[in-house]
Amino acid sequence: MHHNFIYSKSGSLTTDYGIRLKVIQGVTDQLFDQVFKPYIGFNTMSLYPVLLRPKSRGFVRLKSNNPNDPPLMDPKYYDDEQDMNVLLEGMKIAINLSLTPALQKYGANLFQTKFPGCESFTFYSDDYLRCIIQTYCITIWDLVGTCKMGAQNDPTAVVDLHLRVKGVTGLRVVDASIMPTIVSGNTNAPTVAIAEKIADNMKGRRIIPFTPPMSPSTIANLPNLPTEPYSES
């Protein structure tokens, strides 16, 4: 099953003449000048295939015992070839969307400038698209999983099922870093749910589960809701 979606936005890196978006995405001068600069002044749009469930696994490690030293980080993009295959199919979908009658009536055309390092490949062939994937790739939105939750016998887990740091007394980690794998949607709501669950554990009580919708009497008592004892097992 492919975990991919197409993120669309009006404009492109040409929209602000390479002043801000280029810097945010870490695009080099060579890439911008060769691919995007010729289209400054044109109306543009972008379709970004987004890999929702990457199989590749990178790492964050301590560089030394000096807390002021930055950590060592390697996302290991495309360590699992399936990630590139999913993005390749996403790019094909994006290209096909640009060729639909709905966009063609506005004269939509694909960029005809080749990405640096990809000049030897046939325009928009699989090999060319794979080269783009490796040349123009960004991490966007939220990162998770640097402090994985898992069973006591899982050597890759940092915290247990109650988010207590394994081997350390009195310390928990309660944020998106404990997710073993990333969710397909935005991480904000799941992170709030994680925090609420652990807060219930630590307080020893929780809101009594109910089936929506709320009754008028319950709504009248908000934000005070009935609770019941609750404890970690």
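Key figures
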item: In region 54-70, the residues that are closer than 16 Å to V144 by Cβ and in a loop (DSSP other than H, G, I, E, B); result: P54, K55, S56, R57, G58
item: Single residue of R172, R130 found to be closer than 30 Å to I198 by Cβ and modelled with pLDDT of 95 or more; result: R172
item: Region 28-53: number of residues that are assigned to a loop (DSSP other than H, G, I, E, B), modelled with pLDDT of 90 or more and either of a type in the set (S, T, N, Q) or closer than 22 Å to V158 by Cα (or both); result: 3
item: Among (1) under 24 Å from S184 (Cβ atoms); (2) among the aromatic types (F, W, Y); (3) in contact (Cβ under 8 Å) with a residue 40 or more places away in the chain - the single one F115 does not satisfy; result: (1)
item: Region 113-136, subset part of a loop (DSSP other than H, G, I, E, B) and of a type in the set (D, E, K, R), residue surrounded by the most Cβ atoms within 10 Å (Cβ to Cβ); result: K114
item: Per-region count, region 140-177, residues over 28 Å from G26 (Cα atoms) and either among the β-branched types (V, I, T) or in contact with a His (Cβ under 6 Å, 6 or more places away or on another chain) (or both); result: 8
item: Candidate set: region 137-165, residues that are out of contact with any helix residue (DSSP H, G or I) (no Cβ under 7 Å at 6 or more places or on another chain) and surrounded by 14 or more Cβ atoms within 10 Å (Cβ to Cβ); chosen: the one nearest to L47 (Cα to Cα); result: C137
item: Residues that are of a type in the set (S, T, N, Q) and exposed (fewer than 14 other Cβ atoms within 10 Å of the Cβ), drawn from region 3-62; result: S8, S10, T28, Q30, N43
item: Enumeration of residues in region 122-139 that are farther than 16 Å from I24 by Cα and among the aliphatic types (A, V, I, L, M); result: L129, I132, I133
item: Set T146, T181, T139, T211: member being modelled with pLDDT under 95, in a loop (DSSP other than H, G, I, E, B) and in contact with a strand residue (DSSP E or B) (Cβ under 9 Å, 6 or more places away or on another chain); result: T146
item: Residue satisfying all of: in region 214-233; outside any loop (DSSP other than H, G, I, E, B) and touching a strand residue (DSSP E or B) at 6+ places or on another chain (Cβ under 8 Å); nearest to R164 (Cα to Cα) among these; result: P229
item: Tally of residues being over 16 Å from N43 (Cα atoms) and either part of a loop (DSSP other than H, G, I, E, B) or touching a residue at least 12 places away in the same chain (Cβ under 8 Å) (or both) across region 82-112; result: 16
item: Residue identified as over 26 Å from G11 (Cα atoms), touching a Gly at 6+ places or on another chain (Cβ under 8 Å) and hydrophobic (A, V, I, L, M, F, W, C) among M149, M214, M179, M202; result: M179
item: Pair list, Cβ under 8 Å, 6 or more apart: region 129-147 residue on the phi > 0 side of the Ramachandran plot, other residue outside any helix (DSSP H, G or I) and among the β-branched types (V, I, T); result: W141/T187; G145/T181; G145/I182
item: Residue count, region 185-196 (criterion: surrounded by 15 or more Cβ atoms within 10 Å (Cβ to Cβ) and not polar (S, T, N, Q)); result: 2
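The values are calculated or read from the model by the stated rules, or taken from the named source; none is laboratory data. Given the structure is predicted, the values throughout are model-derived calculations rather than measurements. Reconstructed Cβ throughout: ideal geometry from the backbone, glycine too, with neighbour counts over all protein chains shown.
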